[in-house]
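Participant: Quick one: the structure is below, questions incoming.
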Amino acid sequence: MSGLFFFYAFSVNAQSGWTKDKGDLFAKISYLNFGSDKYYNLSGNSMQTSECTQNALGLYGEYGITDRLTLLMDWSFLKSQGFETTENVTGIGDMKLGVKYALVKKIPISISVIPDLPLAQSNKYAQNKINSFEQINLPTGDGEFNVFSVLAISTSLYPIPVYANFYIGYNFRTKYQSIALSDQLLAGLEVGYNPIKPVWLKLGIKIQQTLSSDNPSVSFVRGEGTEFTSIYGGVFYQFIERWGIDVNYFGYLNGPQPRRNIYSGSVYSIGLVFELKREEQ
């Protein structure tokens with residue numbers, strides 16, 4: 001995914017130790033909105049630019065192939081982005097398609113391998129509204145094939161309605177054209193609480209760090225050298241059987257990992273969730 005505006009990493013559902021039982025299905029279609037005029041460069045210094053915005057429609061899904069093996073998909077199938085001084089560009093995003101395997105079901109512990117398929121246009125130019133001879137590259141994907149590997153551990157405090165997820169991930173990046181891109185380390189923690197039956201509250205933190213030297217020759221839209229500490233929170237409400245609404249906020253913190261090569265702002269999302277369990281079919 002392009003590091004240009006926000007890094008709303010693959011859905012937190014993928015970052016838990018739980019896998020789906022065979023035949024179980026979870027699906028969510030979401031709308032995301034982002035806006036910011038504050039950019040942090042590779043040195044971690046902030047600068048003000050014209051307002052940039054991004055809107056996206058995304059589809060996330062999990063399907064239980066077996067009781068231990070779950071198919072995962074996360075795809076921003078429509079993205080629109082631009083600056084207040086430019087036209088907007090619109091297109092599909094890259095697709096993450098992979099699997100999660102339960103190493104231990106009772107604890108639970110899982111490992112995921114999730115290739116990120118470069119389906120989007122890696123170059124897409126927006127014209128300046130005032131000076132028509134000026135344009136800026138705002139691709140809807142980063143133009144490279146990469147693979148996320150995630151080890152996740154979860155626990156439930158049942159009968160207390162609380163859960164916790166911890167994960168650590170490695171993003172193996174390849175290259176854009178002939179330029180090698182740096183791998184990334186990701187880690188996060190999420191806790192959830194069920195105060196009343198149809199409502200779940202969640203709060204989490206994520207950290208991303210680049211594992212090799214920044215490559216200043218790569219355009220900043222490729223996500224090269226992107227680092228951050230972020231926080232997110234959300235509410236899920238099941239309004240009828242199998243159907244629910246998921247509302248989330250995602251923002252950035254000052255540390256422990258400082259922001260680099262990223263527009264820092266708030267991401268808001270709302271999603272419609274459908275869940276089908278084998279015993280209900």
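Participant: Residues 246, 214: which one is modelled with pLDDT under 95, of a type in the set (Asp, Glu) and either surrounded by 14 or more Cβ atoms within 10 Å (Cβ to Cβ) or under 24 Å from residue 139 (Cβ atoms) (or both)?
Facilitator: Unique residue meeting the criteria: 214.
Participant: Okay, moving on. Restricting attention to the stretch 253-260, does a residue exist that is touching a residue at least 60 places away in the same chain (Cβ under 8 Å) and aliphatic (A, V, I, L, M)?
Facilitator: For the stretch 253-260, residues touching a residue at least 60 places away in the same chain (Cβ under 8 Å) and aliphatic (A, V, I, L, M): absent.
Participant: What is the one condition in (1) more than 18 Å from the chain's Cα centre (by Cα); (2) farther than 28 Å from residue 205 by Cβ; (3) outside any strand (DSSP E or B); (4) touching a residue at least 12 places away in the same chain (Cβ under 8 Å) that residue 90 does not satisfy?
Facilitator: (3)
Participant: Further question on the same structure: Starting from the stretch 182-205, take each residue that is farther than 30 Å from residue 225 by Cβ and list its partners that are surrounded by 15 or more Cβ atoms within 10 Å (Cβ to Cβ) and of a type in the set (Phe, Trp, Tyr), counting only C-beta distances under 6 angstrom and pairs at least six apart or across chains.
Facilitator: Close Cβ pairs satisfying both conditions: 192/163; 192/200; 194/200; 200/236.
Participant: How many residues, within the stretch 72-87, are crowded, with 16+ Cβ neighbours inside 10 Å and not in a loop (DSSP other than H, G, I, E, B)?
Facilitator: 11
Participant: Another question about this same structure. Filter the stretch 130-156 down to residues that are more than 28 Å from residue 187 (Cα to Cα) and in contact with a Gly (Cβ under 9 Å, 6 or more places away or on another chain), then give me how many there are.
Facilitator: Number of matching residues: 1.
Participant: Assuming residue 211 fulfils every condition listed in (1) farther than 20 Å from residue 256 by Cβ; (2) free of Cβ contacts under 8 Å to residues at least 40 places away in the same chain apart from one, which condition is it?
Facilitator: For residue 211, the failing item is (1).
This table checks each residue for (1) surrounded by 20 or more Cβ atoms within 10 Å (Cβ to Cβ); (2) in contact (Cβ under 8 Å) with a residue 24 or more places away in the chain; (3) among the β-branched types (Val, Ile, Thr).
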| position | (1), (2), (3) |
| --- | --- |
| 25 | no, yes, no |
| 49 | no, yes, yes |
| 54 | yes, yes, no |
| 57 | no, yes, no |
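Participant: So, in the stretch 116-126, how many residues would count as being part of a strand (DSSP E or B) and surrounded by fewer than 16 Cβ atoms within 10 Å (Cβ to Cβ)?
Facilitator: So the count comes out to 2.
Participant: If you don't mind, another one. Here's a check for you: in the stretch 121-152, which residue that is more than 17 Å from residue 220 (Cβ to Cβ) and in contact (Cβ under 8 Å) with a residue 60 or more places away in the chain is nearest to the chain's Cα centre (by Cα)?
Facilitator: Filtering the stretch 121-152 for residues that are more than 17 Å from residue 220 (Cβ to Cβ) and in contact (Cβ under 8 Å) with a residue 60 or more places away in the chain, the one nearest to the chain's Cα centre (by Cα) comes out as 148.
Participant: Return the total of residues in the stretch 88-110 being surrounded by fewer than 20 Cβ atoms within 10 Å (Cβ to Cβ) and of a type in the set (D, E, K, R).
Facilitator: Residues meeting the conditions: 2.
Participant: Among the residues of the stretch 225-257, write down those that are under 15 Å from residue 192 (Cβ atoms) and small (Gly, Ala, Ser).
Facilitator: Hits for the stretch 225-257 are 233, 234, 244.
Participant: Taking the stretch 153-169, which residues are more than 27 Å from residue 121 (Cβ to Cβ) and within 17 Å of the chain's Cα centre (by Cα)?
Facilitator: 165, 166, 167, 168
The values are calculated or read from the model by the stated rules, or taken from the named source; none is laboratory data. If you're wondering where the values come from, they're calculated on a predicted model, not measured in any experiment. Please note: Cβ atoms are built from the backbone with ideal geometry, for glycine as well, and neighbour counts cover all protein chains shown.
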